[in-house]
Amino acid sequence: MSVLALSEAQSIFYTPREASGPSSERILKIFEEGRDAFRGNSITLAMPVYDSITHLDEAYFKDCAEYDWDGYGALPISNQAYAEARDFLELIPSNTFMPSHANGDANGSVMFEWYINAHRLLSVQIDGSRVLQYAGIIGTESFSGRVTFIDAIPKKIIEAIKDIYS
């Protein structure tokens, strides 16, 4: 008979201290290999890309589709902004969080937000020109800028997203 006590496990890095029997020893070895494989690596769980695309589609086709959608003269999301925003979402690396919000902006652009609280947020505006405008806050520091978006998400944007969640 093999015995392996797992009741003390509190994280994926837990390794049982004792094993008796051949099956338990194999399981112990699997725990150790798994722990060693993950040690020093980070794991990010993010919203699936199709959820973000669904939010974008709702903004484009429903919420922000007509002139004056906000009651203050807002332009509908432009076709160019929508297409570029879809490209943007599809190019976000799988180990990076997807935006928590997608909405239209009054000038006809798409606004993506990564929001944890008032001190950890990032907004990226996509207007169809292949130039992204971004602004964010991490703690007491604010930052903003413009970057060109051609075939990949610019590093500054990826780093800012990761910093929001670190």
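Each reported figure results from applying straightforward, stated rules to the coordinates on display, with no laboratory input. In this text the structure is predicted, and so the values were computed from the model without any measurement. Cβ: placed from backbone, ideal geometry, glycine included. Neighbour counts: every protein chain shown.
Considering only ASN95, VAL110, ILE53, the residue lying farthest towards the positive end of the dipole of segment 49-165 is ASN95, judged by Cα position with unit charges set on Cβ.
Simple point charges give the picture: +1 on the Cβ of Lys and Arg, -1 on the Cβ of Asp and Glu, and for segment 49-165 a dipole about the Cα centre of about 440 debye. Residue exposure proxy: HIS119, HIS55, ordered by other Cβ atoms within 10 angstrom of their Cβ from fewest to most, comes out as HIS119, HIS55. Taking the number of Cβ atoms within 10 Å of each Cβ as an exposure proxy, the fewest-first ranking of THR140, THR148, THR96 is THR140, THR148, THR96. Once a ≥ b ≥ c are taken as the square roots of the eigenvalues of the Cα gyration tensor of segment 49-165, is the result rounded (a/c under 1.5), prolate (a/b larger than b/c) or oblate (a/b not larger than b/c)? Prolate is the answer for segment 49-165, as a/c is 1.5 or above and a/b outweighs b/c. Ordered by the number of other Cβ atoms lying within 10 Å of each residue's own Cβ, fewest first, SER100, SER52, SER142 fall into the sequence SER142, SER100, SER52.
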